[in-house]
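Undergrad: What follows is a structure written as structure tokens; I'll ask about it next.
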Amino acid sequence: MSAAGGVAAGRITRRRAGAETAAMADEISRAQAARPGGDTIFGKIIRKEIPASIIYEDEQCLAFHDISPQAPTHFLVIPKKPIVRLSEAEDSDESLLGHLMIVGKKCAANLGLTNGFRMVVNEGPEGGQSVYHVHLHVLGGRQLGWPPG
């Protein structure tokens with residue numbers, strides 16, 4: 001790699017890092033402003049009151065593309081049962097929560113994520129939860145960095 005190529009790559013990286021920092025600040029603001037309780041946008045999607053780009057649905061859950069994707073492929077898997085936060089899930093939700101991961105894995109395969117993907121659940125304000133209805137993010141389609149936040 002030439003020095004010029006490295007410099008150009010460095011500028012691209014810095015711009016990308018700046019955009020990621022701004023996106024993270026927006027996500028943090030949304031999470032801190034969100035409040036548990038009441039109806040959520042996910043409840044409206046489940047009831048088909050608002051549109052979503054649905055990729056999978058069964059009696060227990062729904063998967064749809066994220067409206068603000070953070071990767072080339074970014075979709076959510078949500079339970080139809082309104083579990084507010086992962087920390088509030090009951091022991092009886094164990095099978096349902098496992099089902100979300102299996103559905104996420106199958107949808108990832110169907111969407112061509114053959115080189116890997118990431119699954120994330122945000123928990124509470126400091127965890128970046130912006131919608132108080134448990135949801136599994138599945139991201140892929142590029143090399144994902146670590147640490148994520």
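We did not get these values from a lab; they are worked out from the coordinates using the rules stated. All figures in this text were calculated on a predicted structure; none of them were measured in a lab. Quick reminder, even Gly has a Cβ in these numbers, built from the backbone with ideal geometry, and neighbours come from all protein chains shown.
Undergrad: Take the Cβ-Cβ distance between LYS105 and ILE67 as r, set R0 to 30 Å, and report the resulting FRET efficiency rounded to the nearest 0.05. Could you put the intermediate results ahead of the total?
TA: Values: r = 22 Å, r/R0 = 0.74.
Efficiency, rounded to the nearest 0.05: 0.85.
Undergrad: Using alpha carbons only, what's the Rg to Rh ratio of region 34-140 with Rh from Kirkwood?
TA: Details: Rg = 13.0 Å, Rh = 14.0 Å.
Result for region 34-140 is an Rg/Rh of 0.93.
Undergrad: Oh, and also: At ARG142 and THR114, where each label point lies 7 Å from the Cα along Cα→Cβ, what is the point-to-point distance in nanometres?
TA: Computed distance between label sites ARG142 and THR114 equals 2.2 nm.
Undergrad: Then there's this: Any idea which of HIS99, GLY112, PRO79 is furthest toward the positive side of the dipole for region 79-149, if Lys and Arg beta-carbons carry +1 and Asp and Glu beta-carbons -1?
TA: GLY112
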